[in-house]
Amino acid sequence: MRIASLLGVLAFTSVNASVTDCSKGASLFKINSMSFLPEPAVKGQNSTLLLSTTVPEQITGGTAKYSIKYNFIPLTPTIEDLCTTVSCPIMLGKLDTVSSYPIDKSLSGSITIQIDWADQTGRQLLCVLIQTKITSPFNLRLNASASS
């Protein structure tokens, strides 16, 4: 997935990730579960987005749009062919995806990622919003020692 290379440029710092369905009920795909791990995200390590959806009809193509705000500053969105993100056709039934994103060590702050999938006619397939910050591995060790 090319978003991984885009996210590799970014890094962020803090405590929790929030993953929500931003479709307001308008998406064709039903999201069954989603998570962004680890929580908090850690500089120099990969973060992983897990999505489980139900697909009500076969989808043969479309677009995947990734919009990122780094420290509340919008970056230029990335738009890809949906079939480079997932195998097409997307068949009726359950669709589980796992996407891994390397977190660069050099930056800090907050990041918001919005993932929008649409079919060839522009119908929204899904919308996922990730809001997070990251911590350093050193902060994780300090927190673990303090709670022991």
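Quick notes on this structure:
- The residues of the range 53-71 that are closer than 13 Å to residue 125 by Cα and in a strand (DSSP E or B), listed by number, are 53, 54, 55, 59, 62, 63, 64, 65.
- Pick from the range 99-142, criterion under 18 Å from residue 35 (Cβ atoms), modelled with pLDDT of 95 or more and among the aliphatic types (A, V, I, L, M), ranking: surrounded by the most Cβ atoms within 10 Å (Cβ to Cβ): 126
- For residue 1: the one exception among (1) out of contact with any Phe, Trp or Tyr (no Cβ under 8 Å at 6 or more places or on another chain); (2) closer than 17 Å to residue 99 by Cβ; (3) at pLDDT below 90; (4) exposed (fewer than 14 other Cβ atoms within 10 Å of the Cβ): (4)
- Inclusion of residue 79 among residues that are over 12 Å from the mean Cα position of the chain (by Cα), surrounded by 15 or more Cβ atoms within 10 Å (Cβ to Cβ) and at pLDDT 85 or above is not warranted.
- Residue in the range 55-72 that is loosely packed, with under 13 Cβ neighbours inside 10 Å, within 17 Å of residue 23 (Cα to Cα) and of a type outside the set (Asp, Glu) present: yes
- Among residues of the range 73-87 that are in contact (Cβ under 8 Å) with a residue 12 or more places away in the chain and assigned to a strand (DSSP E or B), those with a beta-carbon under 9 Å from a residue that is surrounded by 12 or more Cβ atoms within 10 Å (Cβ to Cβ) and of a type in the set (Gly, Ala, Ser) at least six positions away or on a different chain give the pairs 78/64; 78/67; 79/64; 80/64; 81/61; 81/62; 81/64.
- Only residues that are under 13 Å from the mean Cα position of the chain (by Cα) and of a type outside the set (Phe, Trp, Tyr) were counted in the range 53-76, giving 5.
- Taken over the range 93-136, residues that are outside any strand (DSSP E or B) and either of a type in the set (Phe, Trp, Tyr) or in contact with a strand residue (DSSP E or B) (Cβ under 6 Å, 6 or more places away or on another chain) (or both) amount to 2.
The values are calculated or read from the model by the stated rules, or taken from the named source; none is laboratory data. All of these numbers come straight from a predicted model, not from anything done at the bench. Backbone-built Cβ (ideal geometry, glycine too); neighbour counts: all protein chains shown.
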